[in-house]
Structure formats: structure tokens, C-alpha cells
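FYI, it's all coordinate maths here, none of it is from the lab. Because the structure is predicted, anything quoted here is derived from the model rather than measured. When we count neighbours, we look across all protein chains shown, and the Cβ atoms used for this are built from the backbone with ideal geometry, even at glycine.
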Amino acid sequence: MATTRRVIVILLGLVLDSCAASATDKPAGLVVHEAPRPLPGISFSDETGGPLTLASLRGKVVVLNVWATWCFPCREEMPTLDRLQAQFDPRDVAVIALSIDQKGLNPVRKFFNEIGVKHLSPYHDASARALRQLGLIGLPGTLVIDRAGREIGRVLGGAEWDSRDIVAFLKAQVQQAPHGDAPKQAEAQ
């Protein structure tokens, strides 16, 4: 009887522990705001040098990572950002690796090739204005932006972007409806 109780207590603990990491929990290191915050108009270049803005990404959940090839923590977390993008349809979640490298996109392309990035495109902010405009005090700095283009959270410093908690958090964001529309239905697995 005592053994049965112990087994039940252990199983109950496992069930409760797995429920603790629900999609509404805040992943470690991610500062989630009580209410979404408006963002300034940020502009940058895509991989072809064409202009792009944050506003052009509305309708998607965006993980905007501001980084540079000379930043060691940035280099360490880049593979996790690549694996994160691989887990989502880019029409739902866009992982934007926004480099502020002074020498343009060539060092970024070289770095991406060296580490085998397959799911990210290089983006560039030659002026590094995004760093200041977004209130980032160092690199890397990453914002999570809702479908309406508002900041819902941020991480200062490196993170494991493909962790179970972050993926669950982003899946919950994808399911939330923009502008009061009906929630997006989850695809059958």
C-alpha cells in the first residue's frame, strides 16, 4: 500500500511538472511585457540589399535578433535561431537575424556558410540604428513581436532559441488572433 502511494505521488508529480511548462509560461530569460508595446519604424536590408521594414512583416510572429559576427554570444546562439526557424512555417514565424556588421553582408554570409545555417536569411542594418531605436544595450538583443507588429517580449544576451519553452511560447503566439480575428486553427499532426 505504501509503495502504491509512492508511485501515485511520483506519477502525480511528473504530470504536474509537465503541465508547469505550458505555453502561457514565460521561458527563462525572456522578459514578457504585461501589454504589447509599440515599436519604432525600423528599416534594414534583406539579403539582396533591398529595403525592408518591421511593418512589412506584420501578420507574422517575428523573432528579431540584432547581432554581429564579431559578437561571441551572438555566434553561439545563431544555430539555435536557425533550428527555431526550421520548426515553424515562415508565413507564421519569421526569425530575422539582423546584422549590424560594418562590412556588410559578406561576413554574415561567410559565417552562415561556416556553421551550416539553412533556414535563416541574412539581413543587415548598415547604420546600426536598430540597436538604439529598439533600446538594446548590447548584443545580442532579441525582440519577440506579435502579428500586429508590437513587442511582446525581449531577451538581452544569448538564449537557447530552440528550447522547448520558447517553442511552446511561440506556438501559443501563433495561435493568437491578430486584431481580434478568430484564432488560427492548429494543423493536424
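Kindly provide the trypsin sites (Lys or Arg not before Pro) of the range 43-94 that DSSP labels as loop, not H, G, I, E or B, and whose Cβ sees at most 10 other Cβ atoms within 10 Å.
Those that pass, being in a loop and sparsely packed, are R91.
Pop a pseudo-label 7 angstrom from the Cα along the beta-carbon direction at both R37 and W70 and give the gap in nm to one decimal.
That separation, rounded to one decimal, is 2.7 nm.
Hey, what do the phi angles of the range 111-118 turn into as Karplus ³J(HN,Hα) couplings, whole Hz, using 6.51/-1.76/1.60 and θ = phi - 60°, x for Gly and Pro?
4, 4, 5, 4, 9, x, 5, 10
So for the pair E47, R132, with labels modelled 7 Å out along Cα→Cβ, what separation do we get in nm?
With each label placed 7 Å out from Cα toward Cβ, I get 3.0 nm.
Any chance you could run the full-extension gain for S121 through R91? It's 0.36 nm times the residue separation minus the Cα-Cα distance, nm to one decimal.
Taking 0.36 nm per residue and subtracting the Cα distance, the gain is 9.4 nm.
Express the Stokes-Einstein translational diffusion coefficient of the range 24-103 in µm² s⁻¹, to the nearest whole number, given a Kirkwood radius over alpha-carbon pairs, 25 °C and a viscosity of 0.890 mPa s.
170 µm²/s
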